[in-house]
Amino acid sequence: MRILISGAAGFLGSHLTDLLLSQGHDLVGVDNFLTGKPQNIAHLRGVNPRYTFIEADVIQPLKLDGPLDRVYHMASPASPVGYAKHQVATLKVNSQGTWNLLELCQAKNARFLMASTSECYGDPAVHPQREDYWGNVNPIGLRSMYDEAKRFSEACTKASNRERKVDTRIIRIFNTYGPRMDPYDGRVVISFIRQALNNEPLTVFGEGTQTRSLCYVSDLVRGINLTMESDFCEPINLGNPDELTILQIARDILELIPQSKSIITHHPMPPDDPRLRCPDITRAKQILGWSPVVPRKEGLKKMIDFYRDQLIKK
Ligand code: NAD
Ligand code: UDP
């Protein structure tokens, strides 16, 4: 197949590209490097003959010659620091960007997958989160440029499916970690690893009793691909139900970097920070036969090994 990925130079987009190339497909990567990095695709760009890269902003309509079978819409700032810095760009890539790619799919008769998020559930009143929970989101809060944009993007996707008969899929991704995350985008796992490797204090926000559920990237991209190739058009949660407190994440990372001299420090809690987050993945298990297989400490160890040399301050 010929497959387009928006956000191809990002953390998830680049790993998804590697998976799809390993299956023998032709890939077209699109990215404007808003939060992604050229080094994430340096092993592909100009190297792999089945990989084409287009530097473009998907907020503008994309001109693409030739047939197209699949579009994975992964483009969007994804960290609270990233979308606070790029508020309008986040709203636009998940609205105009989504429309542009949906219309490209309609024109090319291609299947579309929208990378949505657990943030659609906001600070959830239902725990763990099932796909039929509608969420608890502040529409004007400091996360709203992301939460509401993703909810709108899901609505665009469903409307195109119902009214224009575009073949669509929606995934709601829960916190994922692994190599190629931007060390400075403020997300919790990479921040704690960077701090621990540099003997700097680990910055736990609040008491650290808020929870997240961490999924290793290889599990996640396998689930994304299975969703695309399934017949199922309703949203599917993808994540690892291995729920733990932020304080426990900090302790795990310090345990895995025993030479670190870092201590745990506490800082003010950001506004609207969800207190709990854990996916109910019954649907993914039933529809896709998918569940994560990489244990947390194994995934964290792989990620630490990836960053060990490049992050230590010389
Ligand atoms: P990332 O920031 O590493 O990657 C996003 C990529 O999109 C970047 O390369 C960025 O440059 C690109 N991009 C942004 N706006 C663009 C535009 N207008 N045109 C072209 N490219 C653009 O983030 P990620 O963690 O890889 O997230 C990928 C997707 O998955 C996002 O849509 C995000 O909302 C979603 N998601 C990720 C997680 C996670 O834990 N990683 C959780 C929930 C949802
Ligand atoms: N967090 C933290 N210290 C940090 C970064 C994040 O305590 O340096 C907390 C944050 O308050 C949130 C959780 O870790 O409760 C996950 O934050 P992240 O930015 O990774 O993503 P989120 O799940 O909030 O989108």
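The values are calculated or read from the model by the stated rules, or taken from the named source; none is laboratory data. Source: prediction; values computed, not measured. Positions of Cβ are generated from backbone atoms using ideal geometry, with glycine treated the same way; all protein chains shown enter the neighbour counts. The accessibility values were calculated without ligands, DNA or RNA, using every heavy atom of the protein model including side chains. Shrake-Rupley method; radii C 1.70, N 1.55, O 1.52, S 1.80 Å.
Which residue out of Ala149, Ala196 is buried (at least 21 other Cβ atoms within 10 Å of the Cβ), on the phi < 0 side of the Ramachandran plot, part of a helix (DSSP H, G or I) and under 22 Å from the mean Cα position of the chain (by Cα)?
Ala149
Mind counting the residues in the stretch 199-230 that are more than 27 Å from Ser262 (Cβ to Cβ), open to solvent by 50 Å² or more (accessible area, probe 1.4 Å) and part of a loop (DSSP other than H, G, I, E, B)?
Residues that pass the stated criteria total 1.
Restricting attention to the stretch 277-289, and to residues there that are away from ligand 1 (no atom under 16 Å from the Cβ) and crowded, with 19+ Cβ neighbours inside 10 Å, which single residue is nearest to Pro235 (Cα to Cα)?
It comes out as Arg283.
Picking from Thr98, Thr90, which residue would you name as being among the polar types (S, T, N, Q), surrounded by 22 or more Cβ atoms within 10 Å (Cβ to Cβ) and within 9 Å of ligand 1 (Cβ to nearest atom)?
On the way: Thr98 fails: within 9 Å of ligand 1 (Cβ to nearest atom).
That would be Thr90, the only listed residue that is among the polar types (S, T, N, Q), surrounded by 22 or more Cβ atoms within 10 Å (Cβ to Cβ) and within 9 Å of ligand 1 (Cβ to nearest atom).
Residues that are over 16 Å from Cys278 (Cβ atoms), near ligand 2 (Cβ under 10 Å from one of its atoms) and either in contact with a helix residue (DSSP H, G or I) (Cβ under 6 Å, 6 or more places away or on another chain) or of a type outside the set (D, E, K, R) (or both): does the stretch 206-222 have at least one?
yes
Out of all the residues in the stretch 249-272, which are within 15 Å of ligand 2 (Cβ to nearest atom) and assigned to a helix (DSSP H, G or I)? Even if it seems obvious, please write down each step before you answer.
Taking the stretch 249-272 as the starting set, the residues that turn out to be within 15 Å of ligand 2 (Cβ to nearest atom) are 249-254, 262-272.
Within the stretch 249-272, Ile249, Ala250, Arg251, Asp252, Ile253, Leu254 qualify.
Looking at the structure I just gave you, is Ser118 of a type outside the set (A, V, I, L, M) and touching a strand residue (DSSP E or B) at 6+ places or on another chain (Cβ under 7 Å)? Reasoning before the result, please.
Numbers: of a type outside the set (A, V, I, L, M): yes; touching a strand residue (DSSP E or B) at 6+ places or on another chain (Cβ under 7 Å): yes.
Yes: the conditions hold for Ser118.
Check Asn109, Asn138 and return the single one that is surrounded by fewer than 23 Cβ atoms within 10 Å (Cβ to Cβ) and either within 15 Å of ligand 2 (Cβ to nearest atom) or within 16 Å of the chain's Cα centre (by Cα) (or both).
Values: Asn109 fails: either within 15 Å of ligand 2 (Cβ to nearest atom) or within 16 Å of the chain's Cα centre (by Cα) (or both).
On inspection, the qualifying residue turns out to be Asn138.
Check off (1) out of contact with any strand residue (DSSP E or B) (no Cβ under 6 Å at 6 or more places or on another chain); (2) closer than 30 Å to Ala110 by Cα for Asn198 and give me the number that stays unchecked.
If we test Asn198 against (1) out of contact with any strand residue (DSSP E or B) (no Cβ under 6 Å at 6 or more places or on another chain); (2) closer than 30 Å to Ala110 by Cα, just (2) comes out false.
How many residues does the stretch 125-158 hold that are closer than 16 Å to His73 by Cα and of a type in the set (Gly, Ala, Ser)?
Matching residues across the stretch 125-158 total 3.
Restricting to the stretch 1-59, and then to whatever is of a type in the set (D, E, K, R) and either open to solvent by 30 Å² or more (accessible area, probe 1.4 Å) or more than 18 Å from the chain's Cα centre (by Cα) (or both), can you tell me which residue is nearest to Asp69 (Cα to Cα)? Full working, then the answer.
From the stretch 1-59, those of a type in the set (D, E, K, R) are 2, 18, 26, 31, 37, 45, 50, 55, 57; that's our starting set.
Now drop any that are not either open to solvent by 30 Å² or more (accessible area, probe 1.4 Å) or more than 18 Å from the chain's Cα centre (by Cα) (or both), which leaves 2, 18, 26, 37, 45, 50, 55, 57.
Numbers: Arg2: 5, Asp18: 17, Asp26: 10, Lys37: 26, Arg45: 21, Arg50: 15, Glu55: 20, Asp57: 21 Å.
Checking each candidate, the answer is Arg2.
Just a yes or no: is a residue in the stretch 139-157 hydroxyl-bearing (Ser, Thr, Tyr) and more than 13 Å from ligand 1 (Cβ to nearest atom)? Walk me through how you get there before you give the answer.
Of the residues in the stretch 139-157, the ones hydroxyl-bearing (Ser, Thr, Tyr) are 144, 146, 153, 157.
With more than 13 Å from ligand 1 (Cβ to nearest atom) added as a condition, the list becomes 144.
Yes, there is a match, as at least one residue in the stretch 139-157 is hydroxyl-bearing (Ser, Thr, Tyr) and more than 13 Å from ligand 1 (Cβ to nearest atom).
Looking only at the stretch 256-274, decide whether some residue is under 20 Å from Arg187 (Cα atoms) and basic (Lys, Arg).
No, the stretch 256-274 has no match at all.
Do you know which of the residues in the stretch 152-185 that are within 19 Å of Arg111 (Cβ to Cβ) and hydrophobic (A, V, I, L, M, F, W, C) is surrounded by the fewest Cβ atoms within 10 Å (Cβ to Cβ)?
Step one: of the stretch 152-185, the residues within 19 Å of Arg111 (Cβ to Cβ) are 153-173.
Going one step further and asking which of them are hydrophobic (A, V, I, L, M, F, W, C), we end up with 155-156, 159, 166, 170-171, 173.
Numbers: Ala155: 12, Cys156: 19, Ala159: 14, Val166: 21, Ile170: 23, Ile171: 22, Ile173: 23.
Per the stated criteria, the residue is Ala155.
Going through the stretch 231-275 one residue at a time, which ones are within 16 Å of ligand 1 (Cβ to nearest atom) and buried (at least 18 other Cβ atoms within 10 Å of the Cβ)?
Pro235, Ile236, Asn237, Leu238, Gly239, Asn240, Glu243, Ile246, Ile249, Pro274
Could you list all residues from the stretch 290-310 that are surrounded by 15 or more Cβ atoms within 10 Å (Cβ to Cβ) and in contact with a strand residue (DSSP E or B) (Cβ under 9 Å, 6 or more places away or on another chain)?
Result: Trp290, Pro292, Val294, Arg296, Gly299, Leu300, Lys302, Met303.
Residues of the stretch 105-123 being farther than 18 Å from Ile224 by Cα and within 13 Å of ligand 1 (Cβ to nearest atom), which ones?
Once the filter is applied, which keeps residues that are farther than 18 Å from Ile224 by Cα and within 13 Å of ligand 1 (Cβ to nearest atom), the stretch 105-123 yields only Tyr121.
Any residue at all in the stretch 281-301 that's touching a His at 6+ places or on another chain (Cβ under 9 Å) and among the basic types (Lys, Arg)? Spell out the reasoning first.
Going through the stretch 281-301, the residues touching a His at 6+ places or on another chain (Cβ under 9 Å) turn out to be none.
Within the stretch 281-301 (the criterion being touching a His at 6+ places or on another chain (Cβ under 9 Å) and among the basic types (Lys, Arg)), the answer is no, since none of the residues qualifies.
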